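Report on one structure; see the data block that follows.
The values are calculated or read from the model by the stated rules, or taken from the named source; none is laboratory data. Keep in mind that what you see is a predicted model, and the values were worked out from it rather than measured. All Cβ positions, even for glycine, are placed from backbone atoms using ideal geometry, and neighbour counts span all protein chains on display.
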Amino acid sequence: MFNALFAAMLMQATAAAHTTCPAIAPPPAELSGWTSPRPLAAGRTATRATELTPGAAVAARLPSTRDVRYVVRPEKPGGSVSHGGLFTFTVTAPGRYRVALGSGAWIDVLANGKPATSVAHGHGPDCTGIRKMVDFDLGAGRYILQVAGNGSANLPLMVAKLPA
Amino acid sequence: MIGRAVLALATLALSAAVAAPWRWTLPTGVSPPPVPAGNPMSAVKVALGRRLFYDADLSIDGTMSCASCHEQKRAFADGNPTRPGVHGDAGRRNVPGLANVAWLPSLTWADARVTTLEDQASIPILGLTPVEMGMHGGEREITHRLSRDACYRRHFRAAFPERRGRIDMTSVAMALASFQRSMVSFDAPADRNTLSPQGDAGRALFARACASCHAGPNFTDGSFHAILPLSSEDRGLAEVTGESGDEGRFRTPSLRNVAVTGPWFHDGAAPTLSDAVVRHGTSLTDAERDQVLGYLEALTDNAFIANPAFAYPDDGCSTP
């Protein structure tokens with residue numbers, strides 16, 4: 001069942017990607033939660049980073065880049081008219097985690113204030129509304145997710161553990 | 001009070017920078033590139049251009065700067081065949097590297113009319129075919145965005161006293177051009193004659209098989225040639241001249257740092273440098289091709305790729 005929030009997100013994402021979609025395609029199994037996002041406002045600082053739950057998608061509301069204080073300067077931070085924000089998530093089971101986005105925004109996953117190195121990245125499947133996916137091998141612990149240079153204040157976003 | 005003192009010091013520093021003449025650092029035998037009389041080089045203008053180069057506020061939604069496609073680690077090329085614009089429009093042509101771009105007689109892949117970096121700047125920022133940064137009709141918005149930043153106001157005043165620090169697309173293009181002219185790259189192993197035996201053999205083969213077009217210190221004759229089969233999707237130089245003889249002709253690209261600027265050709269269709277060489281239709285044997293590739297690898301200037309003077313500037317508002 002696709003909820004209304006997801007349908008709006010998909011329209012935005014497909015318009016940005018200039019993709020013609022005759023029908024909404026289901027996301028891959030590991031991102032099945034992508035179609036049922038809950039609204040969530042991003043934090044502006046590390047101490048106010050909002051909590052993501054791995055496996056659950058959010059329809060993130062991002063503040064203006066001018067109001068965000070990143071822990072580490074993003075490699076592509078976006079201009080003053082762009083949007084960004086800070087999230088946090090906890091890994092209890094070590095493994096490969098995927099950050100899926102509905103845009104091409106820049107992301108950093110930070111462990112103890114330092115960016116983790118991504119192990120893979122690519123586009124999401126057509127017509128799913130997933131524009132970008134970045135994978136990280138993460139141990140147990142708490143992480144900060146920085147989102148930077150998003151063209152809109154709205155961003156479909158999800159962190160999910162991939163099958164071993 | 002302290003803030004005012006700091007501001008005064010910063011202004012003094014900027015004023016001093018204006019007076020500082022630009023000094024080219026070039027190897028013996030290399031003359032400075034042509035610089036338009038109306039846009040002389042200065043250290044403060046280069047610093048301003050560097051800041052602008054990395055500023056995504058030059059795109060409609062703040063997501064794309066010049067550096068989004070021109071990445072220093074790739075000698076200011078992109079790494080993708082083509083690059084979509086801010087609205088998702090498909091890119092048309094491969095992003096070229098920028099090493100020694102000041103010496104190139106024309107810019108872009110297939111338009112001999114674009115001869116200055118000042119003119120070229122408007123193509124990605126304001127252009128429509130394709131839309132890249134999406135600011136067509138948004139020149140006033142650029143002025144608005146930059147003008148609300150105190151650092152930019154000071155930089156523009158210092159860099160363009162003759163224009164009274166005016167912040168507009170003309171000044172932006174002039175500063176971007178100055179920064180790009182500062183991107184000098186003459187420190188590759190091939191420049192220093194520190195070639196491996198394979199690279200040395202490849203140099204002789206290159207001179208025989210490639211240097212008629214990839215000629216001179218930047219390995220380009222600046223001319224337009226048809227190397228690949230014609231395609232109706234991109235007619236090359238013919239699109240601007242209307243001449244049938246220009247069908248499929250594209251500018252000979254510089255080979256400075258070529259090993260890190262792939263994928264190759266105007267459409268990025270060659271995924272490997274070896275494939276790019278093969279597509280030229282040369283009669284090299286496999287062993288000879290490997291030697292040529294060895295020479296091409298020796299055109300990578302690692303000091304250029306790592307030069308902090310070209311990197312994303314610090315968040316502060318300092319200038320030389």
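Quick look at the numbers
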{"quantity": "Check on B:Ala287, part of a helix (DSSP H, G or I) and over 28 Å from B:Leu52 (Cβ atoms)", "calculated": "yes"}
{"quantity": "Filter pass, B:Ser178 being at pLDDT 95 or above, crowded, with 20+ Cβ neighbours inside 10 Å, in contact with a strand residue (DSSP E or B) (Cβ under 8 Å, 6 or more places away or on another chain) and closer than 30 Å to B:Gly38 by Cβ", "calculated": "yes"}
{"quantity": "Subset of segment A:111-164 [crowded, with 23+ Cβ neighbours inside 10 Å, part of a strand (DSSP E or B) and within 14 Å of chain B (Cβ to nearest Cβ)]", "calculated": "A:Val147, A:Ala148, A:Gly149, A:Asn150, A:Leu155"}
{"quantity": "Per-region count, segment B:286-320, residues of a type in the set (Asp, Glu) and under 30 Å from B:Pro21 (Cβ atoms)", "calculated": "3"}
{"quantity": "Hits in segment B:97-140 (condition: acidic (Asp, Glu) and free of Cβ contacts under 8 Å to residues at least 60 places away in the same chain)", "calculated": "B:Asp119, B:Glu139"}
{"quantity": "Candidate set from segment B:20-61 (those that are within 20 Å of B:Pro313 (Cα to Cα), within 13 Å of another protein chain (Cβ to nearest Cβ) and charged (D, E, K, R)); member that is surrounded by the fewest Cβ atoms within 10 Å (Cβ to Cβ)", "calculated": "B:Arg51"}
{"quantity": "Selection from segment B:34-61 of residues that are part of a loop (DSSP other than H, G, I, E, B) and farther than 17 Å from B:Asp89 by Cβ", "calculated": "B:Pro34, B:Val35, B:Pro36, B:Ala37, B:Gly38, B:Asn39, B:Pro40, B:Met41, B:Tyr54, B:Asp55"}
{"quantity": "Residue in segment B:79-93 that is at pLDDT 95 or above, in contact with a His (Cβ under 7 Å, 6 or more places away or on another chain) and not aliphatic (A, V, I, L, M) present", "calculated": "yes"}
{"quantity": "Boolean, B:Ala99 is buried (at least 24 other Cβ atoms within 10 Å of the Cβ), among the aliphatic types (A, V, I, L, M) and within 14 Å of chain A (Cβ to nearest Cβ)", "calculated": "no"}
{"quantity": "Residues located in segment B:102-111, provided they are buried (at least 19 other Cβ atoms within 10 Å of the Cβ), touching a strand residue (DSSP E or B) at 6+ places or on another chain (Cβ under 7 Å) and closer than 25 Å to B:Ala175 by Cβ", "calculated": "B:Trp109"}
{"quantity": "Meets criteria (out of contact with any strand residue (DSSP E or B) (no Cβ under 6 Å at 6 or more places or on another chain), free of Cβ contacts under 8 Å to residues at least 24 places away in the same chain and either farther than 16 Å from B:Met64 by Cβ or within 14 Å of chain A (Cβ to nearest Cβ) (or both)) for B:Arg145", "calculated": "no"}
{"quantity": "Subset of segment B:62-87 that is at the interface with chain A (Cβ under 8 Å from one of its Cβ atoms) and buried (at least 21 other Cβ atoms within 10 Å of the Cβ) - its residue that is farthest from B:Ser171 (Cα to Cα)", "calculated": "B:Val86"}
{"quantity": "Any pair with Cβ under 9 angstrom, 6 or more apart, that starts in segment B:255-268 at a residue that is part of a helix (DSSP H, G or I) and ends at one that is surrounded by fewer than 20 Cβ atoms within 10 Å (Cβ to Cβ) and of a type in the set (D, E, K, R)", "calculated": "B:Val260/B:Lys73; B:Val260/B:Arg74"}
{"quantity": "In segment B:206-223, the residues that are over 23 Å from B:Ser185 (Cβ atoms) and surrounded by 14 or more Cβ atoms within 10 Å (Cβ to Cβ)", "calculated": "B:Ala209"}
{"quantity": "Candidate set from segment B:245-254 (those that are over 23 Å from B:Phe304 (Cα atoms) and either touching a residue at least 24 places away in the same chain (Cβ under 8 Å) or not in a loop (DSSP other than H, G, I, E, B) (or both)); member that is nearest to the chain's Cα centre (by Cα)", "calculated": "B:Arg251"}
{"quantity": "Subset tally (residues that are among the hydrophobic types (A, V, I, L, M, F, W, C) and free of Cβ contacts under 8 Å to residues at least 24 places away in the same chain) for segment A:77-123", "calculated": "3"}
{"quantity": "Top-ranked residue of segment B:118-172 - restricted to ones that are in a helix (DSSP H, G or I) and hydroxyl-bearing (Ser, Thr, Tyr), ranked as surrounded by the most Cβ atoms within 10 Å (Cβ to Cβ)", "calculated": "B:Ser171"}
{"quantity": "Qualifying residue in segment A:33-41 (condition: assigned to a strand (DSSP E or B), aromatic (Phe, Trp, Tyr) and touching a residue at least 12 places away in the same chain (Cβ under 8 Å))", "calculated": "no"}
{"quantity": "Tally, over segment A:86-110, of residues that are away from chain B (no Cβ under 14 Å) and touching a strand residue (DSSP E or B) at 6+ places or on another chain (Cβ under 6 Å)", "calculated": "15"}
{"quantity": "Subset tally (residues that are more than 30 Å from B:Arg153 (Cβ to Cβ) and among the small types (Gly, Ala, Ser)) for segment B:299-318", "calculated": "2"}
{"quantity": "Candidates B:Ala188, B:Ala209, B:Ala226, filtered to the one that is among the aliphatic types (A, V, I, L, M) and more than 23 Å from the chain's Cα centre (by Cα)", "calculated": "B:Ala209"}
{"quantity": "For B:Thr282: the one exception among (1) at pLDDT below 95; (2) at positive phi", "calculated": "(2)"}
{"quantity": "Scan of segment A:49-70 for residues that are surrounded by 13 or more Cβ atoms within 10 Å (Cβ to Cβ) and away from chain B (no Cβ under 14 Å), ordered by number", "calculated": "A:Ala49, A:Thr50, A:Leu52, A:Thr53, A:Pro54, A:Gly55, A:Ala56, A:Ala57, A:Val58, A:Ala59, A:Ala60, A:Arg61"}
